[in-house]
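Since the structure comes first, as structure tokens, the remarks are kept for the end.
The values are calculated or read from the model by the stated rules, or taken from the named source; none is laboratory data. These figures come from a predicted structure and were not determined experimentally. Positions of Cβ are generated from backbone atoms using ideal geometry, with glycine treated the same way; all protein chains shown enter the neighbour counts.
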Amino acid sequence: MSSILYFSNDNYLLASSYNIEDIDNFINNVNKLLKSDEKVAYLTFDDGPSPSITPKILDILEKENIKATFFVIGKKVEEYPEIVNRAYKEGHYIANHGYSHNNSVLYKNADSFINEIKKTDLTIGNAIGVSNYCSHVFRFPNGFMSNIYKDKKNKYVNLLSDIEYTYIDWNALNKDSEQKYTKEQLLNNLISSSKNKNTLVILMHDTNDVNDSSVVLKDSIDYLKSQGYEFKNFYDLE
């Protein structure tokens, strides 16, 4: 990642070039991540940014000195670019969750599928001051493993390699988007879903559509530390 400053209309603008030097290696590492035997936890947050939750999550991560990965929705990035900019500057990986989070739009046709991803990268780049931004990692709304629009997913997943992308799901979660849970129940859901697993890709959400995961994040981190997990984000896969 590199950046230079240039002048335009008497203002400083950030003209950055974001690049992963070995894209094939990065994508290969993402693809095999869930099969890794390392005792590592990757915290991932979907569906943001949101002004009420994302800053609270960022505050906790900053205090704990943990870097996470945020799978952002493009239209929300346009609404709250300053939150994404903060997450990026604090070392969190900004990944792609599509522009609309609307399956009927995402899977309308091949062009729409690719446009949802590329448009999101553009909004991220605008928010963080990085030209030609590409996250290289996509998370399907509801996950690729879900049966929702399964035929369409199987059809369009092969297009990802054409734009130097791959996708990833998760293998642990606190179920914060499924139904209302108490703080204790959210933690127990994470404990149960992570049992007897080494590398964890943990799904949470930085919205409060159903639950507010910020209230259980510190306890979740403490639990994972007690189990011997190291924390990494997707920059560590370069």
Only one of (1) within 17 Å of the chain's Cα centre (by Cα); (2) under 22 Å from Ser50 (Cα atoms); (3) hydroxyl-bearing (Ser, Thr, Tyr) is not met by Thr182, so which one is it? (1)
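Among the residues of the range 51-81, what is the count of those that are of a type in the set (A, V, I, L, M, F, W, C) and not in a loop (DSSP other than H, G, I, E, B)? Can you show your working first?
Start the filter on the range 51-81 by keeping residues that are of a type in the set (A, V, I, L, M, F, W, C), which leaves 53, 57-58, 60-61, 66, 68, 70-73, 77.
The next check asks that each one be not in a loop (DSSP other than H, G, I, E, B); those that pass are 57-58, 60-61, 70-72, 77.
The qualifying residues number 8.
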For the range 164-186, pairs from a residue that is within 21 Å of Phe138 (Cα to Cα) to a residue that is charged (D, E, K, R), with Cβ under 7 Å and 6 or more apart or across chains, are Tyr167/Arg139; Ile168/Arg139; Asn171/Lys197; Ala172/Lys197; Ser177/Asp209
Name the residue that is nearest to Ser220 (Cα to Cα), counting only residues in the range 40-70 that are out of contact with any strand residue (DSSP E or B) (no Cβ under 7 Å at 6 or more places or on another chain) and hydroxyl-bearing (Ser, Thr, Tyr). Thr54
Filter the range 141-156 for residues that are under 18 Å from the mean Cα position of the chain (by Cα) and within 18 Å of Tyr99 (Cβ to Cβ); which is surrounded by the most Cβ atoms within 10 Å (Cβ to Cβ)? Pro141
Could you check, for the range 136-144, whether at least one of its residues is of a type in the set (A, V, I, L, M) and either more than 30 Å from Ile221 (Cα to Cα) or free of Cβ contacts under 8 Å to residues at least 12 places away in the same chain (or both)? no
May I ask you to list the residues in the range 177-199 that are farther than 30 Å from Ile114 by Cβ and buried (at least 17 other Cβ atoms within 10 Å of the Cβ)? Tyr181, Leu186, Leu187, Asn189, Leu190, Ser193, Ser194
Which one of these is surrounded by 19 or more Cβ atoms within 10 Å (Cβ to Cβ) and either over 12 Å from Val72 (Cα atoms) or at pLDDT below 95 (or both): Tyr99, Tyr107? Tyr107
Among the residues of the range 200-208, is there at least one that is at pLDDT 95 or above, hydroxyl-bearing (Ser, Thr, Tyr) and over 18 Å from Ala95 (Cα atoms)? no
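Name the residue, out of Asn196, Asn174, that is within 15 Å of Ile57 (Cβ to Cβ) and polar (S, T, N, Q).
Asn174
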Take the residues of the range 23-52 that are crowded, with 23+ Cβ neighbours inside 10 Å and aliphatic (A, V, I, L, M): which is nearest to Lys75 (Cα to Cα)? Leu43
Any hit, the range 70-78, residues being crowded, with 18+ Cβ neighbours inside 10 Å and over 27 Å from Leu160 (Cα atoms): no
